[in-house]
Amino acid sequence: MENTVKPHNLCITNTLTRRKEPFKPLHSPMVGMYVCGPTVYGDPHLGHARSAVTFDIVFRYLRHLGYKVRYVRNITDVGHLEHDADEGEDKIAKKARLEQLEPMEVAQYYTNRYHEFMDRLGVARPSIEPLASGHIIEQIELIKTILAEGFAYEVNGSVYFDVEAYSKKYNYGKLSGRVLDELLNTTRSNLASQDEKRNTADFALWKKAKPEHIMRWPSPWGEGFPGWHTECTAMSRKYLGQPFDIHGGGMDLMFPHHEAEIAQCHAAYGQEPCHYWIHNNMITIDGQKMGKSLGNFITLDEFFTGKHEKLSQAYSPMTIRFFILQAHYRSTLDFGNEALQSAEKGLQRLLQMKGALARIKPTASTGLSPALAEIEKKCYEAMDDDFNTPILISHLFELVKLVNAAVDGKAAFSPEDLELAKRLYAAFVEDVLGLQDSVTCVAQEGEDPLQGVMDIVLEIRAKAKADKDWATSDLIRDRLKAAGISVMDGKDGATWSRI
C-alpha cells in the first residue's frame with residue numbers, strides 16, 4: 001500500500017516544536033487528523049470559514065497525494081462555558097434560554113446551518129463528526145483515569161485538573177509558551193470557583209450542575225457536565241488512537257484548550273496526543289481579531305447577501321474561499337472590501353481558464369512542454385512547503401497566461417501540452433484548492449432553473465453592447481448584481497453565477 005502515495009517532500013510547520021518538519025505518517029498510507037470544530041450556538045462567521053477552509057486544504061492535498069485520511073472534526077454541543085472559563089453559563093444553554101428552545105434544538109439548528117454554509121464554501125465533509133454530548137461515557141472514563149493517576153481532585157461534585165501536580169512530572173505550557181509560575185500566580189478576583197480550585201490555573205474536567213443548569217448527566221461525582229477540554233481528548237483517542245498524526249485548530253485554541261488536551265493525554269496515558277500541531281491564524285477586522293466574543297464578526301450569511309454595514313456588496317462563497325486561500329494559513333488575514341473585490345476578479349480570471357482550455361486547438365508544436373512541466377513542479381513545491389496556497393495560486397496564474405496566449409494565437413499547445421494543462425487545472429484548481437464556478441456547483445445537482453432566463457437576458461445585454469448602448473448594458477449588469485447574480489464579461493461573451 002505504501003507505493004500508492006505520490007513521491008513528495010511535504011513539510012509541515014509544527015506549532016509544538018516551532019519548526020518546519022518533514023511529514024512522516026505513523027502508519028502510511030493511513031493518516032489520522034483531528035480538528036476542533038464549532039461550538040454551535042450561532043451562525044458561522046468568516047473566522048469559522050478560515051479554519052474550515054484551512055483544514056479542508058490539508059485534507060484535500062493529503063488525499064491528492066494518495067493518503068487514506070480519516071478526518072475527525074467534532075461538534076461542541078455541551079460544556080463550552082462563556083468566556084472559555086470554568087464558570088458562567090453554557091453557551092448553548094444560554095442561547096436556548098433566550099430563545100425558549102431545548103438546548104439540543106439550538107445545537108441541531110446551528111449544526112445544520114454550519115453544514116449548509118461549509119457546503120457552499122466547498123468544504124468537504126469530515127470522515128467522522130462526533131458530538132460532545134454523544135461521548136459523555138468516554139469523557140467520564142478519561143476523568144476517572146486522570147484522577148487515578150493523581151493529576152486531578154474532586155471537590156463538591158466537580159473535578160479539576162491539578163496543574164501544579166502535573167508540572168512536577170511534565171511541562172505544562174510547552175505548546176503555547178506560557179510560563180507556569182505566571183499562571184499559578186495569576187489572580188482572578190471575579191472567579192467564583194476559586195474557593196474550590198487549588199490554583200487559578202487548574203481547569204475543570206467535570207462541573208457539578210447548578211439547579212438551573214439544563215444540560216446534565218449522572219457521574220461518579222454527581223449530576224453535572226464535562227469540561228470543554230475533555231471532549232477533544234476523549235473523542236480523538238476513540239476514533240484515531242494515540243498518538244495520531246495531525247491535530248488542527250485556530251490559533252486562539254492553543255491556550256487553554258490545546259494545552260489542556262496535551263496535559264490530559266500525558267496525565268492519563270503518558271504520551272502526546274499527536275505528532276503534528278497545525279494552527280491557522282486569525283481573521284482581523286480593523287486590526288482586531290474577528291470573533292463572537294468581541295461582537296465584531298460578520299456572518300457568512302451576511303457576506304453572501306451583502307447585508308452588513310461594513311460590506312459594500314455581496315460576495316459569492318467561492319470568492320470568500322479564494323480570499324482565504326490568497327494568504328498563507330499561518331499569517332493574519334485582514335478583512336476589507338477592496339481585498340475581497342480583488343479576490344473576486346482574480347477568481348473569475350482563474351476559473352475562466354477552464355473555458356479557455358476547451359477552446360484551444362492543439363497543433364503539432366511542443367514548444368510549451370518544458371514551461372508546463374516547470375509550472376507543475378512549482379505547484380507541488382508550493383503545496384509541499386507547508387500548504388502554501390498563495391504561492392500555488394501565483395503559479396496557476398502563470399498557467400493562465402500561457403493558456404490565454406494560446407487562445408489569442410500567440411502560443412501553440414501540442415495535444416500532450418493541452419492534456420497536461422487540463423490535468424493541472426483539474427488537480428490544483430478543482431481538486432486541491434476546491435474552487436469551482438458557481439454555475440458548475442449548481443449543475444452538479446441538476447439544471448439551474450434560471451439558465452433559460454439568463455440566456456435570454458444575456459442575449460439582450462449582448463445586443464445592447466453591440467449597439468453601443470452602454471447605459472442599458474450596465475443597467476442590466478447592475479440590476480442582476482443587486483438580485484444576487486454576477487455577470488462576468490469574457491472574450492467569448494458573458495457568463496453568470498449566483499453570488
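The values are calculated or read from the model by the stated rules, or taken from the named source; none is laboratory data. Bear in mind the structure is a predicted one, so any value in this text is a computation, not a measurement. Please note: Cβ atoms are built from the backbone with ideal geometry, for glycine as well, and neighbour counts cover all protein chains shown. Quick note on the areas: whole protein, heavy atoms, side chains included, nothing else; ligands and nucleic acids left out. Shrake-Rupley method; radii C 1.70, N 1.55, O 1.52, S 1.80 Å.
Here are the numbers:
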| read-out | value |
| --- | --- |
| Identity of the residue in the stretch 136-154, of a type outside the set (A, V, I, L, M) and crowded, with 20+ Cβ neighbours inside 10 Å, that ends up farthest from Val69 (Cα to Cα) | Phe151 |
| Cβ pairs under 7 Å, 6+ apart, first in the stretch 436-463 and polar (S, T, N, Q), second modelled with pLDDT of 75 or more | Gln436/Gly122; Gln436/Met318; Gln436/Glu430; Ser438/Ser316; Ser438/Met318 |
| Where a residue in the stretch 116-133 is under 16 Å from Val40 (Cα atoms) and its partner, wherever it lies, is at pLDDT 95 or above and among the basic types (Lys, Arg), with Cβ under 6 Å and at least six apart | Glu129/Arg73 |
| Within the stretch 320-343, tally of residues that are without any contact (Cβ under 8 Å) to a residue 40 or more places away in the chain and either touching an Asp or Glu at 6+ places or on another chain (Cβ under 9 Å) or acidic (Asp, Glu) (or both) | 2 |
| Residue check, Glu344 surrounded by 17 or more Cβ atoms within 10 Å (Cβ to Cβ) and closer than 24 Å to Phe304 by Cβ | yes |
| All positions within the stretch 458-479 that are of a type outside the set (A, V, I, L, M) and assigned to a helix (DSSP H, G or I) | Glu459, Arg461, Lys463, Lys465, Trp470, Thr472, Ser473, Asp474, Arg477, Asp478, Arg479 |
| Counted residues, the stretch 180-197 - those being open to solvent by 10 Å² or more (accessible area, probe 1.4 Å) and either at pLDDT 90 or above or of a type outside the set (A, V, I, L, M) (or both) | 12 |
| Residue list for the stretch 70-97, filter: assigned to a helix (DSSP H, G or I) and either open to solvent by 30 Å² or more (accessible area, probe 1.4 Å) or within 30 Å of Phe244 (Cβ to Cβ) (or both) | Glu82, His83, Asp84, Lys91, Ile92, Lys94, Lys95, Arg97 |
| Pairs where the first residue, in the stretch 466-478, is surrounded by fewer than 11 Cβ atoms within 10 Å (Cβ to Cβ) and the second is outside any helix (DSSP H, G or I), C-beta under 8 Å, 6+ apart | none |
| Test set (1) more than 20 Å from Asp86 (Cα to Cα); (2) under 25 Å from the mean Cα position of the chain (by Cα) - Ser167 fails condition number | (2) |
| Criterion violated by Thr111 - all others in (1) buried (at least 21 other Cβ atoms within 10 Å of the Cβ); (2) among the β-branched types (Val, Ile, Thr); (3) under 22 Å from Ile298 (Cβ atoms); (4) touching a residue at least 60 places away in the same chain (Cβ under 8 Å) satisfied | (1) |
| Residue that is modelled with the lowest pLDDT [pool: residues in the stretch 244-285 that are of a type in the set (A, V, I, L, M) and over 25 Å from Ile140 (Cβ atoms)] | Ile285 |
| For Thr305: the one exception among (1) in contact (Cβ under 8 Å) with a residue 60 or more places away in the chain; (2) buried (at least 22 other Cβ atoms within 10 Å of the Cβ); (3) more than 17 Å from the chain's Cα centre (by Cα) | (2) |
| Members of the stretch 340-377 found to be hydrophobic (A, V, I, L, M, F, W, C), in a helix (DSSP H, G or I) and either more than 16 Å from Leu399 (Cβ to Cβ) or touching a Ser or Thr at 6+ places or on another chain (Cβ under 6 Å) (or both), listed by number | Leu340, Ala343, Leu347 |
| Filter result for Ala421 (surrounded by fewer than 16 Cβ atoms within 10 Å (Cβ to Cβ) and part of a helix (DSSP H, G or I)) | no |
| Hey, Asp386 open to solvent by less than 40 Å² (accessible area, probe 1.4 Å), over 27 Å from the mean Cα position of the chain (by Cα) and not hydrophobic (A, V, I, L, M, F, W, C) or not | no |
| Residue count for the stretch 34-58, restricted to those that are open to solvent by 10 Å² or more (accessible area, probe 1.4 Å) and part of a helix (DSSP H, G or I) | 4 |
| Boolean, Ala327 is hydrophobic (A, V, I, L, M, F, W, C) and either in contact with a strand residue (DSSP E or B) (Cβ under 9 Å, 6 or more places away or on another chain) or surrounded by 14 or more Cβ atoms within 10 Å (Cβ to Cβ) (or both) | yes |
| Odd one out for Glu416 among (1) out of contact with any strand residue (DSSP E or B) (no Cβ under 8 Å at 6 or more places or on another chain); (2) surrounded by 15 or more Cβ atoms within 10 Å (Cβ to Cβ) | (2) |
| Of the criteria (1) open to solvent by 20 Å² or more (accessible area, probe 1.4 Å); (2) farther than 23 Å from Arg321 by Cβ; (3) in contact with a Leu (Cβ under 8 Å, 6 or more places away or on another chain), which one Phe397 fails | (2) |
| Residue within the stretch 75-82 that is more than 30 Å from Gln288 (Cβ to Cβ) and in contact (Cβ under 8 Å) with a residue 24 or more places away in the chain present | no |
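Listed here are the residues, each with its yes/no results for (1) in a helix (DSSP H, G or I); (2) among the acidic types (Asp, Glu); (3) modelled with pLDDT under 75; (4) surrounded by 13 or more Cβ atoms within 10 Å (Cβ to Cβ).
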{"site": "Asp448", "(1), (2), (3), (4)": "no, yes, yes, yes"}
{"site": "Asp455", "(1), (2), (3), (4)": "yes, yes, no, no"}
{"site": "Asp489", "(1), (2), (3), (4)": "no, yes, no, yes"}
{"site": "Trp496", "(1), (2), (3), (4)": "no, no, no, yes"}
